[in-house]
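A short write-up of the structure that comes next.
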Amino acid sequence: MFCRKLPKYLVTLARSYHRTGSKQSLQASIAKVPDNLVKALAGIVGDKNVSTAMAVREQHGRDESYHDCAPPEVVAFAESVEHVSEVLKLCNDAEVPLIPFGSGTGLEGGVNAIRGGVCLDVSKMTNIISVHPEDFDCTVECGVTRNTLNNYLRDTGLWFPIDPGADASLCGMCATSASGTNAVRYGTMRENVMNLEVVLADGRVINTAGKDRRTKKTSAGYNLTNLFVGSEGTLGIITKATLRLHGIPEDTISAVCNFQDVQSAVDTTVQVLQCGIQIARIEFLDEVSVDACNKYSKLDMKVAPSLFLEFTGSPNSLKDQTQLVGDLVKMNNGSDFRWASDIEERNHLWKARHDILYACMALRPGCKPYSTDVCVPISNLPEVIVRSKEEIQKAGVVGPIVGHVGDGNFHVFFPVDQSNPEEVKVVSEVARKMAVLALEFNGTCTGEHGIGMGKRKLLEQEIGEDGLDVMRQIKATFDPKGILNPGKVFF
Ligand SMILES: Cc1cc2c(cc1C)N(C[C@H](O)[C@H](O)[C@H](O)COP(=O)(O)OP(=O)(O)OC[C@H]1O[C@@H](n3cnc4c(N)ncnc43)[C@H](O)[C@@H]1O)c1[nH]c(=O)[nH]c(=O)c1N2
Ligand SMILES: O=C(O)C(=O)Cc1ccccc1
Ligand SMILES: [Mn+2]
């Protein structure tokens, strides 16, 4: 087993834990940020950019998931890469944890300061540095969100298609390797990032593909860019991203259709892909999700397992695609399509799909989302979804299913009352069983939300002990003192 010297704050933490043996004392002994470090932070980013106010700390101590809020000791707002570099040097020298914060929309507790320390909020770094329409690329600072970028690009005829429902920061999306409904057509962040500017734990600034490089392909050495994509703030702070852009399609049509059972909806999806149809989006909703969606987004869809689809291209190609998919739907005893071709109707449909997390939360007001995120090879998807649904029913819990089924990726939303440990336990057990099932079917426990706090145990099962050791060695190379987002990805 790979081993390294514990950082100072962890030694104190471990000692105190062993003395009293309780979780409470573990929390109470979380690293304190000394006053002189708070002053030094203010010296770097300015007084107005440092806060120890409880409201600000609490805002930064949680994301949109069910994980308990763990506020950092202090929040600093960076306005430049120089700020980020100086703050990192300071925290690294003092061996104080540092947690990057993008826009806090994550779903795995990535920003929760479970070991205290400094939260570095990068949302004020919002420059769009360059757009090269002729090369289909752009470079943005870390705080730019995907909607801001797409509004900026409007007149160029280009867009950045990766769309987690939330208006997340683009570098937060790099950090979690996000995707969403468009991934079936455009890939995930991994396929759409060309270069990253990253500040390392010791304050050095690197460009993962070399300064100012923005090529569609490279075979120059190791793929550092993709090492940082999905690193969840544990290897460095991403301060700039060079991203691939795409042309806005000529024509778009959306549609909804429904099926008698889950199996037929998912079988249709698999057949669409196996026929090589270049579908733009194909999303599955089970009957519980459709019901939640109807109520929350004022739709009147039939309450049945359904597919939301989108086709893009020239008028002729749209005709061919829709005809072929229509035939496949009929073959699987699906209903006729309900088409949405005008832009308002389409936007309403996709807004409803993107709001599904909130629609599910409205099923049990006051509850927080405990969500699963398994992804399997497409041919294994029907069996994994059907068996997961059986597990949910056996446990007697509410668990609407939505899926980016074209990627073999789906979510179950369990609304949980965080203050009821018994309920959290039941739900965690169903979620664990589902993840193990996905692993048995050659899948992953997380297609797009990341490991964060909730899936650390599953990572070992997925990657294996030796694989995890290599990951720890990489972590130790980039962050020898273990200050960057400690307790995430690994225990
Ligand atoms: C309603 C809704 C719907 C969805 C989702 C959320 C919500 C609220 N998500 C999840 C979420 O939007 C996604 O994980 C984003 O990539 C998070 O980006 P933030 O900027 O909010 O990162 P956030 O601030 O939440 O941080 C996430 C992690 O990245 C790290 N981090 C943030 N900025 C960093 C930086 N500049 N450098 C290094 N590390 C950094 C943080 O430390 C943390 O570990 C999602 N996701 C998805 O993939 N597909 C989906 O379909 C959806 N759907
Ligand atoms: O909407 C999505 O695709 C998400 O990733 C968020 C989510 C997670 C779990 C259930 C519903 C929505
Ligand atoms: Mn999703």
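The values are calculated or read from the model by the stated rules, or taken from the named source; none is laboratory data. Keep in mind it's a predicted model, so treat the numbers as computed, not measured. Because the Cβ atoms are built from the backbone with ideal geometry, glycine has one as well, and the counts that use them run over all protein chains shown. Heads up: the accessible areas ignore ligands, DNA and RNA and are worked out on the full protein's heavy atoms, side chains in. Shrake-Rupley method; radii C 1.70, N 1.55, O 1.52, S 1.80 Å.
Brief remarks follow.
- FRET efficiency estimate (nearest 0.05) - Cβ-Cβ, residue 79 to residue 277, R0 51 angstrom: 0.65
- Listed by chain and number, the lysines placed with their C-alpha closer than 22 angstrom to that of residue 211 are 89, 240; residues fewer than eight positions away on the same chain are left out.
- Cα gyration tensor, the range 85-128 - rounded (a/c under 1.5), prolate or oblate: oblate
- Carbon and sulfur %, accessible surface of the chain computed with the full protein complex present, 1.4 Å: 51 percent
- Sequence of 134, 462 when ordered by accessible area, the most exposed leading, probe 1.4 angstrom: 134, 462
- Sum of side-chain charges, residue 194 neighbourhood, beta-carbon under 14 Å (Lys, Arg +1; Asp, Glu -1): +3
- Heavy-atom surface of the chain, accessible at 1.4 Å and reported per residue (Å²): 44 Å²
- Theoretical FRET efficiency, 1/(1+(r/R0)^6), r = Cβ-Cβ of residue 477 and residue 336, R0 45 Å, to 0.05: 0.20
- Normalising by residue count, the chain has a Cα convex hull of 151 Å³ per residue.
- Sum of side-chain charges, residue 40 neighbourhood, beta-carbon under 13 Å (Lys, Arg +1; Asp, Glu -1): -2
- Karplus (6.51, -1.76, 1.60) ³J(HN,Hα), θ = phi - 60°, over the range 91-107, in Hz, Gly and Pro reported as x: 5, 5, 4, 8, 6, 10, x, 9, 10, x, 10, x, 10, x, 9, x, 10
- On Cα atoms only, tilt of 465-478 relative to the major axis of the chain in degrees: 50 degrees
- Within-12-Å neighbourhood charge of residue 137 [Cβ basis; K, R +1; D, E -1]: +1
- 115, 204, 387, 281, reordered so the largest accessible area comes first (probe 1.4 Å): 204, 387, 115, 281
- Centroid-to-centroid, using Cα positions, the range 191-243 and the range 121-189 are 15 Å apart.
- Pairs of Lys residues in the range 260-367 are counted when their Cα atoms are under 22 angstrom apart and they lie 8 or more places apart or on different chains; the count is 5.
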